[in-house]
Structures are given as structure tokens and as C-alpha cells.
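Student: To start, I am sharing the structure in question, which I have written as C-alpha cells.
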Amino acid sequence: GNSVTQMEGPVTLSEEAFLTINCTYTATGYPSLFWYVQYPGEGLQLLLKATKADDKGSNKGFEATYRKETTSFHLEKGSVQVSDSAVYFCARGSERGSTLGRLYFGRGTQLTVWP
Amino acid sequence: NAGVMQNPRHLVRRRGQEARLRCSPMKGHSHVYWYRQLPEEGLKFMVYLQKENIIDESGMPKERFSAEFPKEGPSILRIQQVVRGDSAAYFCASSGTSSGNTIYFGEGSWLTVV
């Protein structure tokens, strides 16, 4: 299969809470993995990526580690802010491990952070 | 900031009309992708193009939809005889060696069919 499964939302948290959004993938190879974020009315912005097993992508306090054993790429942040409210998409690239080619997206997880 | 540029941002068409969406890739990028996002859903791949070539069109509907990326000018996604179900956000993305092959997205074109 060529699927990406991510935690269903919506996720609602208070400011400074810990965030985890689970993401698992199916692939016969070792694809590159990505997290994209979409703010209301806007396009997708690349949040972070990892191109090989055990790589950790990080940006703006968010982190995700490429776990080959569990085929997972869970997104975490230690202390969320109201401005983190958005939809988060997990995605994987082609099975050749290249970042070229189409992306396969999860359905997205809506995160709302309250002050 | 010469990112991926899409226009128009918003487009309203009556049923049966044609919609034409344009995408200029990031400078130095030669790979273009089109995705569709239906309300409350994730992104669905439509087509992957390089200059003058369609690489993968496995996500394109068989009828009414076409895409091109000419040698000169932007990539065009064309939807003929639009129907209400075509209402969606259409995102263009591009990649190339100039950005380490990472795929970057435009801000999207929101099509509303009335």
C-alpha cells in the first residue's frame, strides 16, 4: 500500500501543553517523510522533513523522528502556542527515497490551541 | 521571496464554464505538481509535470481535466464544463535541485462553481 495514516482531529489543547500528532506510513522502501502545516485560508508550508531512518526533523519547536522499525513519524512540540492553531499534514515521498515525485498525504489533523 | 505563485487565488465559475488555473514554479524548479483539496479532506495528487512532459497523471479525472507545463510560461490546469463537485482548493507545488528537491506549495486557487 501507499498510505499515510495520521491521528484524527480535532485536537484541542491549552497554551503550553504538550502536543503529539501520530503518523504512520506504509511503503515497501524508505521514503522521505514530511510534516506540512496549513493555516486558515492559506497554502501548505513545509514544517519539517526527514530523509532517512533515525533522522530527526525540527523547526519552530516542532520535532519528528523517522522510525523505520515502527514506520512512524510522529509530530511533537513541548509547549504549544495559540499561533500553532492550524491543520497539520503528514506526508511521505516516493519509495526510492528521493524527494522528487508525488507526495502521499494523510487526511490532516486540526489543532486548536486555547489561551 | 520568489515562491510558487498561483493565480487566480479565487475563481467563481458557473456550471458548464471553463476554469483555468495558473502556476509559476519557484525559480529554478522544473518539476510541477497539482493537488486538489476538497472541503474537510486532505490533499489528493492529480498530476506531476516537467517542462513539456506529463510524468504522472494517475490522479487526474479521465474527462474534463487537463494540465500542461509548456517550455515557456506557467503551468496550466484546465477544467472544462465545470460542475459543482469541482469546487475545491487547487494547490500547485514545485521542486528542483535548487532547493534540495524539497516540494514547496503555492497558496492555492479556490474554485467555486455556482
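Student: Restricting the search to the stretch A:17-39, which residues are outside any strand (DSSP E or B), touching a residue at least 60 places away in the same chain (Cβ under 8 Å) and either within 14 Å of chain B (Cβ to nearest Cβ) or hydrophobic (A, V, I, L, M, F, W, C) (or both)?
Tutor: If the condition is that a residue be outside any strand (DSSP E or B), touching a residue at least 60 places away in the same chain (Cβ under 8 Å) and either within 14 Å of chain B (Cβ to nearest Cβ) or hydrophobic (A, V, I, L, M, F, W, C) (or both), then A:ALA17, A:PHE18, A:ALA27, A:PRO31, A:SER32 are the ones that fit.
Student: Considering each residue of the stretch B:33-45, count those that are under 18 Å from B:ARG9 (Cα atoms) and either β-branched (Val, Ile, Thr) or open to solvent by 70 Å² or more (accessible area, probe 1.4 Å) (or both), and give that number.
Tutor: Here the count works out to 1.
Student: Here's something else I'd like to know. So, in the stretch B:28-60, of the ones that are within 28 Å of A:CYS90 (Cβ to Cβ) and of a type in the set (Lys, Arg), which residue ends up farthest from the other protein chains (Cβ to nearest Cβ)?
Tutor: Going through the qualifying residues, I end up with B:ARG36.
Student: Please verify whether B:ARG20 is among the charged types (D, E, K, R) and within 14 Å of chain A (Cβ to nearest Cβ), treating the condition exactly as stated.
Tutor: Taking the combined requirement at face value, the residue does not satisfy it.
Student: Any chance the stretch A:40-53 includes a residue that's part of a loop (DSSP other than H, G, I, E, B), within 30 Å of B:GLN6 (Cβ to Cβ) and touching a strand residue (DSSP E or B) at 6+ places or on another chain (Cβ under 7 Å)?
Tutor: yes
Student: Output yes when any residue across the stretch A:57-72 is open to solvent by 30 Å² or more (accessible area, probe 1.4 Å), basic (Lys, Arg) and closer than 21 Å to B:SER95 by Cα, and no when none is.
Tutor: No, the stretch A:57-72 contains no residue that is open to solvent by 30 Å² or more (accessible area, probe 1.4 Å), basic (Lys, Arg) and closer than 21 Å to B:SER95 by Cα.
Student: Go through the stretch B:88-114 and report how many residues are touching a Leu at 6+ places or on another chain (Cβ under 7 Å), open to solvent by less than 10 Å² (accessible area, probe 1.4 Å) and in a loop (DSSP other than H, G, I, E, B).
Tutor: Qualifying residue count, the stretch B:88-114: 2.
Student: Scan (1) part of a loop (DSSP other than H, G, I, E, B); (2) more than 14 Å from the chain's Cα centre (by Cα); (3) over 22 Å from A:VAL4 (Cα atoms); (4) not basic (Lys, Arg) for the single condition B:GLY85 breaks and write down its number.
Tutor: (1)
Student: Right, next: Starting from residues that are of a type in the set (D, E, K, R) and assigned to a strand (DSSP E or B), keep the ones in the stretch B:56-82 and report whichever is most open to solvent (accessible area, probe 1.4 Å).
Tutor: The extreme case among them is B:GLU68.
Student: Report yes if B:TYR48 is out of contact with any helix residue (DSSP H, G or I) (no Cβ under 9 Å at 6 or more places or on another chain), without any contact (Cβ under 8 Å) to a residue 24 or more places away in the chain and surrounded by 13 or more Cβ atoms within 10 Å (Cβ to Cβ), otherwise no.
Tutor: yes
Student: Do you know which of the residues in the stretch B:72-114 that are more than 20 Å from B:VAL4 (Cβ to Cβ) and of a type in the set (Gly, Ala, Ser) is nearest to the other protein chains (Cβ to nearest Cβ)?
Tutor: Checking each candidate, the answer is B:SER87.
Student: Across the stretch A:44-84, which residue is farthest from the other protein chains (Cβ to nearest Cβ) among those that are among the hydroxyl-bearing types (Ser, Thr, Tyr) and either touching a residue at least 12 places away in the same chain (Cβ under 8 Å) or over 16 Å from A:PHE34 (Cβ atoms) (or both)?
Tutor: So the residue we want is A:SER79.
The values are calculated or read from the model by the stated rules, or taken from the named source; none is laboratory data. Quick caveat: nothing in here was measured; it's all calculated off a predicted structure. Positions of Cβ are generated from backbone atoms using ideal geometry, with glycine treated the same way; all protein chains shown enter the neighbour counts. Only protein heavy atoms, including side chains, enter the accessible area calculation; ligands, DNA and RNA are left aside. Shrake-Rupley method; radii C 1.70, N 1.55, O 1.52, S 1.80 Å.
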